Structures are given as structure tokens and as C-alpha cells.
1. For region 204-246, which positions are hydrophobic (A, V, I, L, M, F, W, C), touching a Pro at 6+ places or on another chain (Cβ under 8 Å) and more than 22 Å from V20 (Cα to Cα)?
2. Given the residues D21, D13, D4, which is the only one that is of a type outside the set (A, V, I, L, M, F, W, C), under 30 Å from F232 (Cα atoms) and in a strand (DSSP E or B)?
3. For region 363-421, please list each of the strands (runs of 3 or more DSSP E) lying entirely inside it that holds at least 1 residues being closer than 30 Å to G274 by Cβ and not aliphatic (A, V, I, L, M).
4. Within region 60-156, which helices (runs of 4 or more DSSP H) (wholly inside it) include 1 or more residues that are surrounded by 19 or more Cβ atoms within 10 Å (Cβ to Cβ) and free of Cβ contacts under 8 Å to residues at least 24 places away in the same chain?
5. Does region 295-308 include one or more residues that are away from the ligand (no atom under 15 Å from the Cβ), in contact with a strand residue (DSSP E or B) (Cβ under 9 Å, 6 or more places away or on another chain) and farther than 30 Å from E81 by Cβ?
6. Hey, does region 311-324 have a residue that's within 18 Å of the chain's Cα centre (by Cα), part of a helix (DSSP H, G or I) and within 25 Å of R375 (Cβ to Cβ)?
7. Give the residue, chosen from G58, G35, G71, G12, that is at negative phi, within 16 Å of the ligand (Cβ to nearest atom) and under 19 Å from the mean Cα position of the chain (by Cα).
8. Among the residues of region 262-291, what is the count of those that are more than 14 Å from the ligand (Cβ to nearest atom) and of a type in the set (G, A, S)?
Amino acid sequence: MNVDVVLGLQWGDEGKGKIVDYLARQYPVIARFQGGPNAGHSLHFEDTSFVLHSVPSGIFRKGTVNIIGNGVVIDPVTFEEECRSLEALGIPVRDRLMISKRAHLILPTHRIIDAASEHSKGVSRIGSTLKGISPAYMDKTGRNGIRVGDILVPGFQERYKALKSKHIEFLKQFDYAYDPGQGEANWLKAVDYMGQFTLIDAEYYVNDCLNENKRILAEGAQGTLLDIDFGFYPYVTSSSTTCAGACIGLGFPPSRVGKVYGIFKAYCTRVGSGPFPTELFNREGEILREQGKEFGATTGRSRRTGWLDLVALKYAVILNGVTDLIMMKADVLDVFETVKIATSYMIDGAGTDRVPYDTNAVITPVLREFKGWKRDLSGVRREEELPFEFMTYVRFIEDAVGIPIKIISLGPDREQTIIRD
Ligand code: IMP
């Protein structure tokens, strides 16, 4: 058995939560492999909405095992809040969730460093969610981090204090006022809470499942264009958001990668700073934001919006080895007379269909225009009912990328999903 991977092909917020929840019925094991509480995976069903930050999106499904992998960084405070909210909804989180001992912890001082560092960057700030993600990964790769498994080891408090002292030293370089005890009591309480969960050697668990022919779905967070290596650096997050990150963040070999579900929105959005070649600054951009309710699930920030970028999409497909495309929020385009797709870029007077090394260069997208379908698609449940103009848009993307769009999502609910064979 292989691990199927589901991940975002743009700048995050593609709608992964809905799809993982949808796919989860086919998988007994769902595992998050990177990122942390910077993620916000929104799920909507019946009359309920829920935003997951650290917990895998399979948690609502009876009979699933959900794993937070070693590649994730966890803030115990956010984690506790999230789990308690799930418990209040009657979800038996402790029975359905296991955590890798190798996942790293986000300390209160990581969040302070994040804020101080962003503050010091002024106009060139990354637009971080300020959840302490980058400082926590810095400590991981700098070999200073504290891992979930350390909670169980005597001397945890001393290790915590030692790392906190290092952070306080580090913070001296910034002109930034903060309270060194901020959030500490809550954090320590939340660490105790987390210690009540099943903490495992997830790499063994995952490989045992594969050998027992159990299907696993690996759930990515953020998106390919925010990847630490292949994203539009430095305007990226600090983890490997691509398919390879699933192997590293869960501990299974590349030879065990099965299907790769690549999720993209029918248009583009981005939160935070950084290049966005197809960004719209006009009324069309506002309509995308309003129709798509494009406000961050984690920070509430309003998202930047733009047309679908095929250059970036093809790049993401190559990097991940996508086998199945999943198009989200296509209904958001229902109101437009014409919809557009960037097919190439013009940079310094030359055309290219590749993402350049220097994404901060002035990139002018070359747009192709399509007739809009001007019909409310949110109630459509069968492919045959989709308008000709819409299918022209879909087929153009499939032909250009060379990968089939297997699922089309036309709204937030589980039912608003068209599966194509
Ligand atoms: P950080 O990961 O919080 O440090 O943020 C780095 C960049 O990634 C910023 O531009 C964030 O807005 C963006 N980012 C981080 N997590 C997400 C996400 O889940 N969705 C969309 N953008 C994100």
C-alpha cells in the first residue's frame, strides 16, 4: 500500500480542509506532515463550520486515525484550544489523534521572536501569521528545538528554561518591547494537556500501516508557492510544502508515494507580502474577494486576489508529480462576463512559461480571455449539467497542464462536489 498525498498548488487557502474531509472516508489514516497553526483548514457540513489549525482534517470521521507528523511544529496552547473545541462538539479527539514524538514545539518566545523579526523588517516584512513558525523551524534545523517526546522526559522544564534564555539573548538585537513571561503559564498547562495524548514513533506507525495494507492520506498545509525551497523566496513559509515534504514529515520512503492530489482554486489568492504576478487591483479583484469570501481563516486578513496563473500551476504540478487535479471554488467565477488565465509571463521584454529565479522581477502576465458562463453553479451536482463555457475553461486548464481535473468543487459543503471519472 502507498501513501496518497493531498496538497495545495498555490499560496495556500486552496480549500484543502474540505477535500481532505471528503477523501477521508476512503482512508483509515490521515496524517498532517508540515506547517503548524499558521494553517487554517476550514470544514463546513450540515450547519457546522470548523477551522482546524494543527489537527488533521480527518478528525470528524468516525473510525479514522489522525496523526500529527514529525514535520509539523505544534503550539500546545493553540492545540489545546482546538482539541477542547472539538471535544465540545462531541468529537472524541483523544481516541482519534496521535502525535509524533519527533514533532517540534512552538514556545511562547518563538512567537515573540516572530513578531520582533517581522517588526524589524519594516516594509519588507514577510506578512507572517506570527504564530512562531519560522523561529520554531530555525530552532529545529539549528538543533536547539524541543520535541513533543521531550514532554515525557525528566528535565523538560529545565530544557524549556534553557531555550527560553537563549531566546531572550537573541531578542536583544531587536528594538522590541515584550514581556518575557508572556503566555508561559498557559503554555506549561497546555504542555501537560498535550502529554495526555498518545505520543508515538509515527515513522514506525506509518510504515507498519503500509505493510498492513492500510491506506494513508498525507495532508499538506499552506501551498507549493510558499515552499521554503521552491516558493517565491523569501516570501515563503519555513517548511517543505511539496510532496517530498510528506516523506520527510512522516517518515515513509519516496517509493511509497501513491496518488498526489493537487488542489488549486479556479483563480488565485495570497495573504501576506510577496510577488503575485496575476494580482488584480481593480473591481474584478474585489469581486473575487467578495464572492470567494477571501478572508484568512487563521488571521482574518483580507486576501489578495488575481486570475488563475498557469505558469505557477504547471510549476507546482511538476514539483509535486501531481496525478489528480482538484479545482476548488469554481462557482466564485459565476458572475464574470469574462474570466482570464495567465498563460505566460513577460519579463524584461521576453516571454517565458517558467517561474523565474527572481520572482521579485517585474512580471507581466500574458492573459487569455474566456467567455463567462454567467450561471449560478453552486447547485450543480452532475458534470453533464455544467455549462459549455465552464467546461471550455476546465478543458483548457487540463490540456495546458496535462493532468486531469478529477474533482470540481462548487461550494463549501460536502455535497457541492463533482467527481469526474
Ligand atoms: P508564516 O508561515 O506564518 O511565517 O508565514 C509566512 C508566509 O506564508 C506569509 O505570507 C503567510 O501569510 C503565509 N502563510 C502561512 N500559512 C499560510 C496558510 O495556511 N495559508 C496561506 N498563507 C499562509
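No lab work stands behind these numbers, since they all come straight from the coordinates. Keep in mind that what you see is a predicted model, and the values were worked out from it rather than measured. We place every Cβ from the backbone using ideal geometry, glycine too, and count neighbours over all the protein chains shown.
1. The one that is hydrophobic (A, V, I, L, M, F, W, C), touching a Pro at 6+ places or on another chain (Cβ under 8 Å) and more than 22 Å from V20 (Cα to Cα): F232.
2. D4
3. Working: elements: 363-371, 405-409, 417-419.
Qualifying strands (runs of 3 or more DSSP E): 363-371, 405-409.
4. So the answer is 108-121.
5. Among the residues of region 295-308, at least one is away from the ligand (no atom under 15 Å from the Cβ), in contact with a strand residue (DSSP E or B) (Cβ under 9 Å, 6 or more places away or on another chain) and farther than 30 Å from E81 by Cβ, which makes the answer yes.
6. Yes, region 311-324 contains at least one residue that is within 18 Å of the chain's Cα centre (by Cα), part of a helix (DSSP H, G or I) and within 25 Å of R375 (Cβ to Cβ).
7. Step by step, each of G58, G35, G71, G12 is checked, and only G71 is at negative phi, within 16 Å of the ligand (Cβ to nearest atom) and under 19 Å from the mean Cα position of the chain (by Cα).
8. In the first step, residues of region 262-291 are kept if they are more than 14 Å from the ligand (Cβ to nearest atom); the result is 262, 266-267, 277-278, 280-291.
Right, trim to of a type in the set (G, A, S) and you get 262, 266, 285.
Number of matching residues: 3.
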